[in-house]
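Any read-out appearing in this document is the output of simple, stated calculations on the displayed coordinates, not a laboratory observation. Everything numeric here is computed off the predicted structure, so don't read it as measured data. We place every Cβ from the backbone using ideal geometry, glycine too, and count neighbours over all the protein chains shown.
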């Protein structure tokens, strides 16, 4: 508690273009190793790169969605360092003149909204992938797949404005949501299209000077980011309390052991020996093009959340859950378009639909129950045709069979019993068969009422109107 945590995030996002950033090779994930390559992305002598215009457009789009200023003049630079999966031995990136600067992103944690600065958004190429495969002659070795080399990236660098690992996780979730909304990346962390490096330091409470930072690598999920930062904050605090000093270094997160492990000393900008890329012309952005992209931005998560709250009376929580994913938000809007009651639609989407999708490990795009069919089910509940309990049974059948709710209700005879005389007769028979429960209720034991209701619902196979059952039972008792 004597220390304040200071966190900044560097997020690398692969852009969903069909071809690479400087050549025409495919960006398709999962192709056979070293098949999506050419002399340009392999960095062979004498080749000349050509910028993919769609990459520039997507970078501008991301910058605008993150409230950045788009620089009218930017350029590419060579970032020199050796990695075995970087065939040119330098990465083409942007250094002092990136495409977008000075933005922000609002997050909500524990009911409080905080504005996190976005320092810059810049374009660069991805490196290849090392595949560690065992031993040859008892020596460790790795294979290299260059398919990913040259896949377009944007790197989004935050200001060191985050103060807790929980805020870092919320920032990443919000950023992923925005990138999905503007459709520049599929953000599949399991495929490496969204990756995060986290910088963390500690300083005494009340101090303004930043402490020495460490960088965490190999953070492949939001949960992992939070766990890694929590561990590193405790580790740094222990070092400082013991009178030691923090070394600026890059550390790897070992998820199996739940610890961070030192990888190498942290490079400074001058270690990379940046210089302007001589084979690429600078990028001069037409202000009219920027304005065209701005005008065509889709409705973003915060705006959509506010609309759902204003138009449909949803709570901030419900609207936030629904709008966190563009696909889920669009599914919800389609349910409403089929005249479903908004709150009921939200409850079903966050309840049964979410439960079944998670169980089947599916996204909302693969949901076998269409928005129109779900709206039909909700309508049957509102009309009193079926009870909410029966509706869950109907939904499961809809999920498995693909049929609509009305057909299933008719086939299985699930129409709700609302005839007062019929329900009264069942109530009387249950009361007569359970004198002890009646006596318990009259003695003030409310649990007995629940038992009697259960017996009535059992006799009617859940088809009796619950409100009528409760009222008639109470009247009789």
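General observations
- Taking Cα atoms only, the orientation of helix 326-337 departs from the longest principal axis of the chain by about 30 degrees.
- Packing-based ranking of 275-282, 94-101 yields 94-101, 275-282, ordered from highest to lowest mean Cβ neighbour count within 10 Å.
- Equivalent ellipsoid semi-axes, the chain, via Cα gyration tensor eigenvalues times 5, rooted, Å: 55, 27, 22
- From most to least packed by mean Cβ count within 10 Å, the peptides 289-302, 432-445, 59-72 give 59-72, 289-302, 432-445.
- 25 °C / 0.890 mPa s Stokes-Einstein diffusion coefficient of the stretch 420-476, Kirkwood radius on C-alpha pairs, µm²/s: 221 µm²/s
- Extents of the stretch 299-412, taken as max minus min of Cα coordinates on every principal axis and listed largest first, are 43, 31, 20 Å.
- Pairs of Cα atoms farther than 23 Å apart, the stretch 128-227, %: 44 percent
- Helical content alone sets the calculated 222 nm signal of the chain at -12000 deg cm²/dmol, taking -39,500 (n - 2.57) per DSSP H segment of four or more residues and averaging over every residue.
- On full extension, the segment bounded by residue 204 and residue 129 gains 23.0 nm, given 0.36 nm per residue less the C-alpha separation.
- Gyration tensor verdict on the stretch 169-214 (Cα atoms; rounded if a/c is under 1.5, prolate if a/b is larger than b/c, oblate otherwise): prolate
- Nearest-ten-degree value, helix 371-382 long axis tilted from longest Cα axis of the chain: 30 degrees
- Spin-label pair residue 273/residue 34, simplified geometry with 7 Å Cα→Cβ offset, distance in nm: 2.7 nm
- The stretch 151-308 has equivalent-ellipsoid semi-axes of 33, 22, 17 Å, by the square roots of 5 times the alpha carbon gyration tensor eigenvalues, sorted largest first.
- Between the stretch 69-124 and the stretch 219-276, the alpha-carbon center distance in angstrom: 20 Å
- Listed by Cβ neighbour count within 10 Å, with the fewest neighbours leading, 204, 392 appear as 204, 392.
- The slack in the chain from residue 262 to residue 159, taken as 0.36 nm per residue of separation less the alpha-carbon distance, amounts to 34.7 nm.
- Listing 16, 176, 471 from fewest to most neighbouring C-beta atoms within 10 Å gives 471, 16, 176.
- As a rough footprinting exposure proxy, the listed residues 146, 141 were ranked by other beta carbons within 10 Å of their own, and the order from fewest upward is 141, 146.
- On Cα atoms only, tilt of 447-459 relative to the major axis of the chain in degrees: 80 degrees
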